[in-house]
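Take a look at the structure below.
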Amino acid sequence: MRRIWFPGSSFDVKRCLVVPEDEIRSGALLMLKGRRAKSGEGSSSRSERWKEKGEESFRRSGLEGLKDFSRKLVNVDAFVLEIQEWIEERLHTSPYGKTQFRSPFQVDQLRTLDYALVSVSFQQLLRMPVSQSYTPSLEPAVYLAVEDFMHTATQRLWETFWDASEEPEPMPFYIMGPHTSASDSLSALVLDKASSRGSGETLPGAAIIAKNGSSGDGGHVLWDHVAVFVEVREDVTGAMSKGSQSAPSLEVIGRALFHGLLMLTSRSLSKKPSIRYNADTAYVLFVNSRQGGVVRLKGDVSKLETNTNNVYVRAAKWIKEHAEVTVCPVEQVWNRFGNSNWGDMGAMQLLLAIFHSIEQCRGPPRNPLAEMAALHNERVQHRLLERENLELQELGETGSSQRSNSLRRSSRPEILEIEEEEEDIEIEDSRRAPDHVMKLEPGTILWLEDAHWQRGFQIQEQLGRRNSVYSAISLDEVGKPLAVHIGAHPSQLEPSWEDMSTWYQVQRQTRVLNIMKQRGVFSKYLTQIIASGRLMHPGPCSKKSPASRCDHPWCGTPVLVTAPIGETVDLVVEREGVFPVEEALRICHDCLSALRSASSIGIQHGDITPDHVIRVTGSDDEYYYVLSDWGHAVLEERDSPALSPQFSSTAALQDGKLYPASDTESLVYLLYYICGGIIPEFDSMEAALQWRDRVWARRIIQQQLGEVSAVLKAFADYVDTLCGTPYPVDYDIWLHRLARALSIDPSKNELSSGRLEFMAESSGTSAPSVS
């Protein structure tokens, strides 16, 4: 017999039971069987737990190995030396001028981002320093300009795509650099290695830092907190760059891969990761004071061999065998004034890399990129519909008129090429030359007559290349230079196309300038009519009435006298070359002033070319520009503009009509020409239209003007949005911006200061003089 005491109660002899020994043995056997049964049921779960513990132990050992690996990965030069041969092999260009490195971004992706950012304004406060040579003293200013670029880009992308709430959220990123001011609480942080080895070191570049964990509270910044790293170098292009695309140098790519690997290993070791999406991809930007590009490193660092002392050999092996490396070609980011070319390829590559890095930290944007780009297509479609509706209103509600117009156009006979022998043409030209070309010698006195007056002018010299325009002085007001336009004799208009052009220059321009004068349009930058009438020839005249003509070749020849006189822009460019910045801004301001004055009464110039803008010396010996040659001006719908393959607007060449912004489009081509842009000679209108499509699509004009002035580039962007649309040009806002750039006093009244003092008496042809 054995006494059994039940645990959990105080010891009491009365509570002890006396149990026989055989019952105790049988009970023990039953308990042992039950335990064995339970052990069999949980054997599988115990094996799974042991397996999980083994995997966890293996993972921990792998993390410890990766931590040791990262602790030893400290020398960027040793890493570049180990991987340079592999980079050199891929930098060798193919016969097509391309390296073996693919670009991380397709052109369609960059174009989609460009469309999505059409209405987004980027305003960089700090300009990139401009210098012929890079010196250590420029380094702080270069870093600050890079940091300002990164801040502007990150903030605008965050606000456009992610921060769609009514109450804007603070941007969850900030910018760091080695020269950031220590007065800022965030800029005094130090970037440690991924292993947090105790002693931090100064940031070896600029970076976009995610506000996460200790990085936002004044602690150390780890490589895990870096969303984008920026390599700032003196030179980013390599000696192997050939062909149309410039490749980055071997050192730039090597350093970018080194810092990208630090970012990836740090993310794998992080307990509280800042990069939550696509953490196996790192973006490293490389820039200098003019250019930039992107290196993207993608790979699984768990495949990195960490059980070795030679970490640089293993790191290079991992990149060669397990990583995907893509490199953007080097493109221009800042122009010669230090301004960022936000809409060009170089800046777009950097913006798209920053966009994807924000996406890695914060997830997909609230406003998807494709939807934002689709809004641009909707705006284009809306403008096309407005244009079609406007055309329908102009043509009227009857569709038959459109069909009849198309039938008339299709029924026109084709232009046939007639082959003539050169000798016959020379003989014919020699016969007609003395009759229809009037050559005047200096000192010749011309008398103009009308029904009420006669005025005399003394010829001084021929102006420009045209043999029908002369400088002269009035016999009534000696000392004031004038321009005398000699028209063609009416009998010569039909056989001579040259004389037909003088008809536009004299008779048609006389009508346009008279309308301006009658409507009270005066401007310093507009041609002013002084007198117009018919030429009186020496000797007796046998005409029977004032309106008739005699047989003298001068009799009845129309003459137009205008002011002021000057030198055409095409001659100035031939002699002096590319216009300086101030002169380019000045010609844009003055021509816009002239167009604004004419548009106030519904007149468009329709023929803006370098030989139709003259440079005039003012009373203060400073130049200003006058828009001349209004013979092809469009007064009403049936008028057709002149066709210049190099300078006419797209609508004029394609449709034979002008839109409200057509004159400003021609002005942009003129600015592109005087700023050093090359406009080729076109053998057909189709070639001219293809050239316009190409330069606008590739933003070649904006890039060329951006090298001269940010205002001119912005003006070209503005005109690009209006081309082919019925929207009017806002002249006032651009004249205000140009005047501010030229430091023109806005209190000066252009009409009062620019009004010419030339007063002409009235005639039947010219309008009454204004007193």
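The values are calculated or read from the model by the stated rules, or taken from the named source; none is laboratory data. All values reported here derive from a predicted model rather than from experimental measurement. Ideal geometry is used to build each Cβ from the backbone, glycine not excepted, and the neighbour counts take in all protein chains shown.
Check whether at least one residue in the stretch 326-345 is surrounded by 19 or more Cβ atoms within 10 Å (Cβ to Cβ), β-branched (Val, Ile, Thr) and assigned to a strand (DSSP E or B), and report yes or no. Within the stretch 326-345 (the criterion being surrounded by 19 or more Cβ atoms within 10 Å (Cβ to Cβ), β-branched (Val, Ile, Thr) and assigned to a strand (DSSP E or B)), the answer is yes, since at least one residue qualifies. Please determine whether any residue of the stretch 495-513 is modelled with pLDDT of 90 or more, of a type in the set (Ser, Thr, Tyr) and buried (at least 20 other Cβ atoms within 10 Å of the Cβ). So far as the stretch 495-513 goes, yes, one or more of its residues are modelled with pLDDT of 90 or more, of a type in the set (Ser, Thr, Tyr) and buried (at least 20 other Cβ atoms within 10 Å of the Cβ).
When every residue of the stretch 697-715 is checked against the conditions, at least one turns out to be under 20 Å from TYR625 (Cβ atoms), assigned to a loop (DSSP other than H, G, I, E, B), of a type in the set (Gly, Ala, Ser) and at pLDDT below 95. Here HIS92 does not fit the description of being surrounded by 15 or more Cβ atoms within 10 Å (Cβ to Cβ) and modelled with pLDDT under 80. Among the residues making up the stretch 594-619, those that are outside any loop (DSSP other than H, G, I, E, B) and either touching a helix residue (DSSP H, G or I) at 6+ places or on another chain (Cβ under 6 Å) or under 14 Å from ALA633 (Cβ atoms) (or both) are ALA594, LEU595, ARG596, SER597, ALA598, SER599, GLN604, PRO610, ASP611, HIS612, VAL613, ARG615.
For (1) at pLDDT below 75; (2) assigned to a helix (DSSP H, G or I), each residue gets a yes or a no:
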position	(1), (2)
ARG412	yes, no
ILE418	yes, no
ASP429	yes, yes
PRO434	yes, yes
GLY443	no, no
PHE457	no, no
TYR470	no, no
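Within the stretch 120-163, the set of residues being free of Cβ contacts under 8 Å to residues at least 40 places away in the same chain and small (Gly, Ala, Ser) comprises SER121, SER133, SER137, ALA141.
Working carefully through the options SER181, SER165, SER195, SER185, find the one that is under 30 Å from LEU369 (Cα atoms) and either part of a loop (DSSP other than H, G, I, E, B) or at pLDDT below 65 (or both).
Numbers: SER181 fails: under 30 Å from LEU369 (Cα atoms); SER195 fails: under 30 Å from LEU369 (Cα atoms); SER185 fails: under 30 Å from LEU369 (Cα atoms).
Result: SER165 is the single residue among SER181, SER165, SER195, SER185 that is under 30 Å from LEU369 (Cα atoms) and either part of a loop (DSSP other than H, G, I, E, B) or at pLDDT below 65 (or both).
Quick check: is even one residue across the stretch 621-639 polar (S, T, N, Q), within 25 Å of LEU482 (Cβ to Cβ) and not in a strand (DSSP E or B)? Scanning the stretch 621-639 turns up at least one residue that is polar (S, T, N, Q), within 25 Å of LEU482 (Cβ to Cβ) and not in a strand (DSSP E or B).
Within the stretch 661-680, the set of residues being closer than 22 Å to HIS632 by Cα and either touching a Ser or Thr at 6+ places or on another chain (Cβ under 8 Å) or exposed (fewer than 15 other Cβ atoms within 10 Å of the Cβ) (or both) comprises ALA661, SER662, ASP663, GLU665, SER666, LEU670. Evaluate the following for GLY219: is it assigned by TED's automatic domain parsing to the domain that holds ASN339, more than 21 Å from TYR143 (Cβ to Cβ) and at pLDDT below 85? Answer is yes for this residue. Only a single item in (1) of a type in the set (A, V, I, L, M); (2) within 29 Å of ILE565 (Cα to Cα); (3) buried (at least 17 other Cβ atoms within 10 Å of the Cβ) is not met by ALA651, and it is number (2). Of all residues in the stretch 611-641, those being in contact (Cβ under 8 Å) with a residue 60 or more places away in the chain, within 30 Å of the chain's Cα centre (by Cα) and surrounded by fewer than 21 Cβ atoms within 10 Å (Cβ to Cβ) number 2.
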